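Novice: Pasting a structure here, questions to come.
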Amino acid sequence: MRKLIRYSYYILLTAYLFTGCEVAEESRTEDSTSSSSSSSNSSETTTTDTTSTGGTSQCPSLAVSSSNNSSINTDNESNSKTTRIQAHRLLTQATFGPTEAEMARVMKIGETAWIDEQLSLESSYYSSSDCRLTNLERYKEIAKMAEPTVYQTDSNFNSNFHGRTSDYQTDVWFENALHAPDQLRTRVAFALSELIVVSGKKQRTRFRGDSLAYFDDLMSKHAFGNYRDLIEDVSRSPTMGLFLSHQGNKKYDNTSNTHPDENYARELMQLFTIGLWEMDDNGTMQTDNNSNPIPSYTQDDVEELARVMTGYDLKGNSKFGRTNRGQGEEWSTPMEFTGAYHDYGLKSLLGENIPQEIQSSNKPYDLDKALDIIFKHQNVAPHVSRHLIMRLVTSNPSPAYIGRGAAKFNDNGNGVRGDLKAAVRAVLIDVEARGTAYQTNTNYGKAKEPLLAFTQFLRAFNIQPLDGWKSRMNATMSGVYQFYYLENTIGQSPLRSDTVFNFFSTDFVPADTHFDNNSIVAPELQIQSDTILIKFSNLILNSLWTLEKNRILEENPSLETFAAGRKYNQHNYVINLDRELQVLENSLDGDTNGDYENINDTSKKDTAVTTLISHLDKVLTGGVLPSDYYTALKTHLMNINYSTTKNKKEALAIMRDAIRFIVTSSAYMIQK
């Protein structure tokens, strides 16, 4: 086992991601013909922004209503124009992990049709007929369940706080990531949250998890909307106001010689919209006559924009600029404006004037004007296009690929700028995303973010909430996940980056000559340290050996009995390997009665292990496990040998190691 672990990490850390690999014989028979990446444009008209209807959900639980993977029949998949490898690749890019249900759907209707179908799904933000709750609404449901004496009505959320309320935001995020039908919207929302960054690691937002759930809603609401609307809502959000300190920002005071805080003004331009340097539409940095990069903004621009961002504060605050957490302040509604603290003077931003205004209680014009000036800057399109490509498809896109995405951002075909639905579609149907030649290109692809690698694993094995675990107030939780301090285990958890610069730098270059020699980056490897990878492997092991249904029932009379002993400071969910155990036993014994009668017959075990690996290869990698790894894994699994009276335990141990060592292999951890 130790040899296989070392071999797995060696492949991941030294061979890394971009090398094409020889796959096992069974996988090589898969048709690799690329489906057409072109089709007529789908409707890209931006939906009118409306407020969620709220209220109590009439939908069944996302977790309960999700498809059961074992019920999906893909026997006729070879008749589809879209192969399993192609479907798996698309779903790795565009969802939180392929499931058999989604694989079957893609192979039935094709890649482009699936993308268009996802882009057209209704959401709770724009449709009164969609009965799903928003992140904030579901957050409040969970908080009321967990702390019934504290959160009895919605008003209680503005008068109570503690350091674990952010857990409820994480619970909702995982519920959507693992089970939401609009997977593409949810995945794009996560990508946007890694561009426009706030974090629950900053104490104030951690103590008011409703502010984080509200921010998740902004990302989801605008994922297929307009980028101009997104940056406006972000600018007024209390979450961002608290995180980047323009909440309670006051105009210049010559008496105290205090100036407006410049933090948000700087990051809005540098990180969220235009970047540091002037760019062509394809993302290429522009230089002056001396070959020096041309700055996209100046310190004067930062100071002028900071003047714009004055006068905004938490609604219901007892005093302007205070950051109390539980005295009636609203942390999950847009900040309100107070004219007495706003700078109404003439301003100049990026070469354009913003006229002086007369003080009033109405919302000033200058913020809208400033955002319009920034939004029309040439850099915004390539900046956003590059980010979407790097988070969804590849770490090293060609300038032409960035340019094609930017072109759709600049004009969706109907003269609209900033249409994220059009930009996302362009990114995903592009030849560099769909063309099979790129799967073997040695410098193409990306390392998976640990969080995405984890959600893919969970979705592959029919994860469900573990009903009956106890909250911090000893309330019994039902239909709710718990992922406790995941950022301390795998270096990531939603809205938990250390800084505004996200979990990793987009320009990170590992200390390896291959990257230097080829001028390529690998951002995700910045957090894939030896320690994180070992913790990730242990997390997978814990999931398979402690939180798997069959293993739980080997040691407990029921799931309910097991759950009753689980607390809020543990991971609480259950995965299900029934399907995989049936694959193993059916090959081993010709039945599925659970006795694994022939597991001590070397010949029959050899056949069954081969069948199992082939099955898991298709489920977890799409069928691209390298042949040498295939052989090494089989050798290890054949050497697992319990006593003749512990057949099921041996079968579970085989299952544990087979899944764990595929999930920690380069074939899984690297997205091609």
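A short reminder: the numbers here are calculations on the coordinates, not readings from a lab. None of the values given here were measured: they were computed from a predicted structure. Positions of Cβ are backbone-derived with ideal geometry, glycine not excepted, and every protein chain shown enters the neighbour counts.
Novice: Test of understanding: what is the full-extension gain from S348 to Y252, defined as 0.36 nm times their sequence separation minus their Cα-Cα distance?
Specialist: Details: separation 96, 0.36 × 96 = 34.56 nm, distance 1.61 nm.
Contour length minus Cα-Cα distance gives 33.0 nm.
Novice: Oh, and also: Need the full-extension length gain, N156 to S627, defined as separation in residues times 0.36 nm minus the C-alpha distance. One decimal, nm. Intermediate results must be reported in sequence, preceding the final value.
Specialist: Numbers: separation 471, 0.36 × 471 = 169.56 nm, distance 5.80 nm.
Difference between extended and current length: 163.8 nm.
Novice: For L349, which sequence-distant residues (separation of 5 or more, or a different chain) have an amide H within less than 5 Å of its own amide H, given hydrogens modelled in the peptide plane?
Specialist: When sequence neighbours closer than 5 places are left aside, the close amide H contacts are I354.
Novice: Starting from the amide H of E548, placed 1.01 Å from N in the peptide plane, find each other amide H under 5 Å away whose residue is 5 or more places distant or on another chain.
Specialist: Counting only residues 5 or more places away or on other chains, the set is I575.
Novice: Which entry in (i) 90, 64, 50; (ii) 74, 71, 61; (iii) 87, 64, 45 is this structure's computed Cα extents along the principal axes in Å?
Specialist: The listed entry that was calculated here is (iii).
Novice: Would you work out the relative contact order for the range 408-546, in percent, from Cα pairs under 8 angstrom that are 6 or more residues apart?
Specialist: 16 percent
Novice: Rounding to the nearest 20 debye, state how big the charge dipole of the range 227-266 is about its Cα centre with +1 on each Lys and Arg Cβ and -1 on each Asp and Glu Cβ.
Specialist: Working: 5 positive and 6 negative charges, 13 e Å.
So the magnitude is around 60 debye.
Novice: Output the relative contact order of the chain, whole-number percent, from Cα pairs under 8 angstrom with separation of 6+ residues. Mind dumping the intermediate values first?
Specialist: Working: 1182 pairs, mean separation 122.7, N = 672.
Relative contact order comes out at 18 percent.
Novice: Same structure, new question: Whole Å is fine, so just give me how far the alpha carbon centre of the range 174-231 lies from that of the range 406-424.
Specialist: Rounded to whole Å, the Cα centres lie 21 Å apart.
Novice: Simple spin-label model, 7 Å along Cα-to-Cβ: E117 to N414 in nm?
Specialist: Computed distance between label sites E117 and N414 equals 2.3 nm.
Novice: Rounded to whole Å, give me the distance from the Cα center of the range 543-579 to that of the range 291-311.
Specialist: Cα centroid to Cα centroid, the span is 54 Å.
Novice: Let me ask something else. How big is the charge dipole of the chain about its Cα centre, in debye rounded to the nearest 20, if each Lys and Arg gets +1 on its Cβ and each Asp and Glu gets -1 on its Cβ?
Specialist: Taking the Cα centre of the chain as origin, the dipole is about 1280 debye.
Novice: Starting from the Cα-Cα distance between D530 and T506, subtract it from 0.36 nm times their residue separation and give me the gain in nm to one decimal.
Specialist: Details: separation 24, 0.36 × 24 = 8.64 nm, distance 2.00 nm.
Taking D530 through T506 to full extension adds about 6.6 nm, to one decimal.
Novice: Rounded if a/c is under 1.5, else prolate if a/b is larger than b/c, else oblate: which is the range 101-238, with a ≥ b ≥ c the root eigenvalues of its Cα gyration tensor?
Specialist: Cα axes put the range 101-238 in the prolate bin.
Novice: Could you run the Karplus curve 6.51 cos²θ - 1.76 cosθ + 1.60 with θ = phi - 60° over the range 182-193 and give me ³J(HN,Hα) per residue in whole Hz, x for Gly and Pro?
Specialist: 8, 4, 5, 4, 5, 5, 5, 4, 5, 4, 5, 5
Novice: For the pair T442 and Y484, how long in nm is the line joining their label points, each one 7 Å along Cα→Cβ?
Specialist: 4.7 nm
Novice: Counting other Cβ atoms within 10 Å, keep those with at most 16, restrict to DSSP loop, and tell me which chymotrypsin sites (Phe, Trp or Tyr not before Pro) in the range 246-298 are left. Walk me through the intermediate numbers first.
Specialist: On the way: sites: Y252, Y264, F272, W277, Y297; in loops: Y252, F272, Y297.
Taking the range 246-298 and a limit of 16 other Cβ atoms within 10 Å, the loop chymotrypsin sites (Phe, Trp or Tyr not before Pro) found are Y252.
Novice: With θ taken as phi - 60° and the coefficients 6.51, -1.76 and 1.60, list the Karplus ³J(HN,Hα) couplings across the range 573-587 in order, rounded to whole Hz; mark glycine and proline as x.
Specialist: 6, 9, 9, 9, 9, 3, 4, 5, 5, 5, 4, 5, 6, 4, 6
Novice: Collect residues whose amide H, placed 1.01 Å from N in the peptide plane, falls under 5 Å from the amide H of N396; neighbours closer than 5 in sequence don't count.
Specialist: G445
Novice: Rounded if a/c is under 1.5, else prolate if a/b is larger than b/c, else oblate: which is the range 402-471, with a ≥ b ≥ c the root eigenvalues of its Cα gyration tensor?
Specialist: Since a/c reaches 1.5 but b/c is at least a/b, the shape of the range 402-471 is classed as oblate.
Novice: A further question on this structure: Using only DSSP helix segments of four residues or longer, with each worth -39500 (n - 2.57), what per-residue ellipticity at 222 nm results for the chain after dividing by its residue count and rounding to 500?
Specialist: Taking each H run of at least 4 residues, the total per residue is -13000 deg cm²/dmol.
Novice: Dipole size in debye (nearest 20) for the range 474-580 around its Cα centre, Lys and Arg Cβ +1, Asp and Glu Cβ -1?
Specialist: Computed about the Cα centre, the dipole is about 460 debye.
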